[in-house]
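Worksheet: the structure to be examined is printed underneath.
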Amino acid sequence: MNILKSYICQDIQAAIDGKANYLAALGLSTYTENLGGMCYGDLEHNLGANYLNFMEEYFPSPYKSLNSKLSSLGGLYKVVRCGLVHEYFMKCESAVTSNKTLQCGIIYETTNNPPLEFNVIQYFIDFKEALDKYYNELIGTTNPMKRPILESNFDSAINKMPFRSFDPSTTATSRLEGASGKAI
């Protein structure tokens, strides 16, 4: 997981440094979904629920109200993640920015123009904080009681993938590369 964590952060930072805001937003949304799947043990089913549960549990508190604010449009998962993944744009008038630090990386205020803003810098800060919280629970540093559940869920999610689980000592994962071009 530590290697995966390193590559995720390197790839997103490379997108931000290259001013590829939509690519960074897409990556961050997808990585949030993937972490939700690993955390809750399933990368194939309940993806929206895992995404939202991961945000609820690990992201800072301002993210907790986003799903209800966007419920009339289909909710956070459908508007942001599915919009970026399937249509390249979020499913309402929106902007992807990287020009300021905000209280929350995704803001939805109907009085704003545009009403939805995804700030990749703030989301990346919050994402890294969430990733660190999850990782520390996964390895048992902050919540040893939760570790066995998270380990089992992580192993279950990874082992259901169509290739062998992440093992840096094998060549099975050599096709997976991060921004550095090195195998995970």
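Quick look at the values:
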item	result
Residue satisfying all of: in the stretch 120-143; in contact with an Asp or Glu (Cβ under 9 Å, 6 or more places away or on another chain) and without any contact (Cβ under 8 Å) to a residue 60 or more places away in the chain; farthest from Ile3 (Cα to Cα) among these	Asn143
The stretch 30-52, residues that are out of contact with any Gly (no Cβ under 6 Å at 6 or more places or on another chain), under 20 Å from Phe118 (Cβ atoms) and free of Cβ contacts under 8 Å to residues at least 60 places away in the same chain	Thr30, Glu33, Asn34, Gly36, Leu47, Gly48, Leu52
Check on Lys5, more than 13 Å from the chain's Cα centre (by Cα), within 23 Å of Asn143 (Cα to Cα), of a type in the set (D, E, K, R) and part of a helix (DSSP H, G or I)	no
Odd one out for Phe118 among (1) touching a helix residue (DSSP H, G or I) at 6+ places or on another chain (Cβ under 8 Å); (2) at pLDDT 95 or above; (3) assigned to a helix (DSSP H, G or I)	(3)
Residue in the stretch 3-22 that is acidic (Asp, Glu) and in contact (Cβ under 8 Å) with a residue 24 or more places away in the chain present	yes
Sole exception among (1) within 24 Å of Asn136 (Cβ to Cβ); (2) of a type in the set (Asp, Glu); (3) free of Cβ contacts under 8 Å to residues at least 60 places away in the same chain for Glu117, by number	(1)
Residues located in the stretch 43-82, provided they are in contact with an Asp or Glu (Cβ under 9 Å, 6 or more places away or on another chain), under 20 Å from Leu102 (Cβ atoms) and not in a helix (DSSP H, G or I)	Phe59, Pro60
Scan of the stretch 141-154 for residues that are assigned to a loop (DSSP other than H, G, I, E, B) and either of a type in the set (Ser, Thr, Tyr) or within 19 Å of Phe59 (Cα to Cα) (or both), ordered by number	Thr141, Thr142, Asn143, Lys146
Matching residues in the stretch 11-42 - criterion: being surrounded by fewer than 19 Cβ atoms within 10 Å (Cβ to Cβ) and not in a helix (DSSP H, G or I)	Gly18, Lys19, Ala20, Asp42
Some residue of the stretch 91-100 being among the hydroxyl-bearing types (Ser, Thr, Tyr), under 15 Å from Leu73 (Cα atoms), without any contact (Cβ under 8 Å) to a residue 40 or more places away in the chain and part of a strand (DSSP E or B)	yes
Whichever residue in the stretch 48-69 is aliphatic (A, V, I, L, M) and modelled with pLDDT of 95 or more and, among such residues, is surrounded by the fewest Cβ atoms within 10 Å (Cβ to Cβ)	Ala49
Evaluation of Gln122 against (1) more than 30 Å from Pro162 (Cβ to Cβ); (2) surrounded by fewer than 21 Cβ atoms within 10 Å (Cβ to Cβ) (one fails), failing number	(2)
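The values are calculated or read from the model by the stated rules, or taken from the named source; none is laboratory data. Bear in mind the structure is a predicted one, so any value in this text is a computation, not a measurement. Heads up, the Cβs are rebuilt from the backbone with ideal geometry, glycines too, and the neighbour counts pull from every protein chain shown.
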